[in-house]
Amino acid sequence: MEKMFWIDPKRNIKKTYKDLVNDLNERSKIVKYIYFANPYEIILALIHSMLIGYKIELLDNDMSKTEIENFGLAYEEVFTEIGVDRVNIKDIHEVFTAIDRNKKNWSLTLYTSGTTGRPKKVVHQLETLGRSVLYGEKYEKNIWAFAYNPTHFAGLQVFLQSFFNRNTIVYIFDLDKSDIQQIFEEYKVTNISATPTFYRSIIPKLKNKNSTIKRMTLGGEKYDASIAKLLKEIFPEAKINNIYASTECGSLFSSNEESFKIKEEHRNKVKISTEGELLIHKVLMGNTGELPLEENWYRTGDIVEVVEESVFRFISRKTEMINIGGYKVNPHEVEEEIMKIPGVQDVLIKSRANRITGNILEAEIVAVKGANVDDLEIYIQKHLKNNLQNWKVPRIFKFVNEIQKTRTGKKVRK
């Protein structure tokens, strides 16, 4: 039986590695910009570009014309196709051989807002993009649930880890959450990486314990110990990891919980400023010609706390801190306190303008099914007043059906 490569239950797409080879052999054109709606077409174009050593740029498929032009691109140019010679690949082994042969000619450009909000290019070669990929026999039988947008860095990490180990990939990022448990069981998924927000959205839909998943990764957002605990109850065989990665720097740190250890070989390339901001030296980054550097150091915008020598934990994004009458509030701290309360499924803390204090805190809360929201609000207020300083307690509580998310599955705070 042919090894499965790509399974997309929502779009009813199933591709073996032999199908992948055939699809690559059929391609007589290439695009400079990957701007497709179909996730498989995105992955296929990406592999084809690596195969022939062609520099390519990656765009979100739901970007508007205005957003694309804000990158400094001509909208019509995004759809330009260029004729290329067809490849004649016999099997997947030849695909990997060609990728290795052409890897120095290949690059992938991603777009990031950086810390100023203006879109900037970051150019990665396979060396920086695949820094964290692990190879070997122990990984060859993994079956990955793909729970990220494939056009974003975290999605690329899952793709590279699974593809270069010839794993099966099951795409679940936009699948109906009520179908995910069945997919886990049907395809005997062993690995999944997702944001805490994604895990929160599927936990209420998971009715049975799962024994096939052996490794789970949390990334893209601040580590949530309460989510990790719930996941361990549902997936008792899984080892749970926390990962730190960014479009600019790639994947650099991982840990079992919330504290990240700086590798010995990186200790003179990573530092923490007096303000607590994490700084990364340019040698660990992609080609960052458009990103601002201070004496070869990049300010990540991440506020961290030193735990011990060469160990830190993430506190908040610099831009997420909310000023309440001169007091700085970390929204994650408030969210973590609310998530301790039975009856709360998810929560988002954001600011709302106020004439007196400049801002006040607003809490958007998703209650578990059947919870009495009036009683829950009273209990939350009491709990917060007993456990947080006054200015950290939200003044507005709003119960919602779901939390608005970005293209990458992260919470929208603005």
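Bear in mind that the values in this text are calculations on the coordinates, not laboratory data. This is a predicted model, so every value here is computed, not measured. Note that each Cβ is placed from the backbone with ideal geometry, even for glycine, and that neighbours are counted across all protein chains shown.
Key figures for this structure:
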{"read-out": "Top positive-direction residue, dipole computed over the chain with Cβ charges, set Ala147, Met339, Asn22", "value": "Met339"}
{"read-out": "Most fluctuating residue given options Ile378, Ile52, Ile403, as computed from a GNM of the chain linking Cα atoms under 10 Å", "value": "Ile378"}
{"read-out": "Ranked list, fewest to most other Cβ atoms within 10 Å of each Cβ, for Lys15, Lys410", "value": "Lys410, Lys15"}
{"read-out": "Residues Trp6, Trp297 arranged by fewest to most Cβ contacts within 10 Å", "value": "Trp297, Trp6"}
{"read-out": "Surrounding net charge for Lys411, when Lys and Arg each add one and Asp and Glu each subtract one, Cβ distance under 12 Å", "value": "+1"}
{"read-out": "Simple Cβ-charge dipole of the range 258-318, Lys/Arg +1 and Asp/Glu -1, about Cα centre, in debye nearest 20", "value": "140 debye"}
{"read-out": "Antiparallel DSSP beta bridges within the chain, as percent of all bridges there, nearest 5", "value": "65 percent"}
{"read-out": "Per-peptide average of other Cβ atoms within 10 Å, ordering 244-254, 219-229 highest first", "value": "244-254, 219-229"}
{"read-out": "Only Lys, Arg (+1) and Asp, Glu (-1) charged, at Cβ; the range 321-399 dipole about Cα centre in debye", "value": "320 debye"}
